[in-house]
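Below: one structure, written as structure tokens.
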Amino acid sequence: MTPEEKTAQMAIRNDAICTYYLDGHKVAECARHFQLNRQRILQILKQAGVWVPYVKTRRTQFLGVSVKASTKVALMRKADQEGTSVSRLVSDAADQLVKK
């Protein structure tokens, strides 16, 4: 592989990491998904200018809901299929539920 090919592959991977992060996945989730450590993910996100430090807002209130292990697995699978995080998937579903 030439240096140019390697650079091109890394650029594609880094774009994928940024997209995954911007889809609502946390840094730790990005690290697991792309099999890199959190520090490297942060470097990539900061270099691309997409990293946003966590800021607690009204929407980030913790809602302690217990679910069965099988439900958790199903939610993780569904979120993965939709390319989003479990938190965003459940939060959006809850928002829709109360809007009806």
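Every number in this text was worked out from the coordinates using simple rules, so none of it is lab data. Computed from a predicted model, the values in this text were never measured in an experiment. Reconstructed Cβ throughout: ideal geometry from the backbone, glycine too, with neighbour counts over all protein chains shown.
Working note: 222 nm ellipticity from helices only, DSSP H runs with n ≥ 4, each -39,500 (n - 2.57), summed and divided by the residues of the chain, gives -21500 deg cm²/dmol to the nearest 500. Once the Cα atoms of helix 3-22 and of the chain are each reduced to a long axis, what angle between those two axes, in degrees from 0 to 90 to the nearest 10, is obtained? The two axes meet at around 10 degrees. With a ≥ b ≥ c the root eigenvalues of the C-alpha gyration tensor of the stretch 1-54, is it rounded (a/c under 1.5), prolate (a/b larger than b/c) or oblate? Prolate, because a/c is 1.5 or more and a/b exceeds b/c. Computed from the C-beta positions of GLN35 and SER87, the FRET efficiency with R₀ = 35 Å rounds to 0.95. Computed as a quarter of the hull surface, the mean projected area of the alpha carbon convex hull for the chain stands at 8.5 nm². Over 19 Å between Cα atoms: which of LYS26/LYS72; LYS46/LYS72; LYS46/LYS78 fall into that group? From the list (LYS26/LYS72; LYS46/LYS72; LYS46/LYS78), the Cα-Cα distance tops 19 Å for LYS46/LYS72; LYS46/LYS78. For the stretch 82-89, putting each phi into the Karplus relation 6.51 cos²θ - 1.76 cosθ + 1.60 with θ = phi - 60° gives couplings of 8, x, 9, 8, 4, 4, 5, 4 Hz, in residue order, rounded to whole numbers and with x for Gly and Pro.
Our summary gives the stretch 1-54 a relative contact order of 31 percent, counting only alpha carbon pairs under 8 angstrom and 6 or more residues apart.
Relative contact order of the chain, taken over Cα pairs closer than 8 Å and 6 or more residues apart, is 27 percent.
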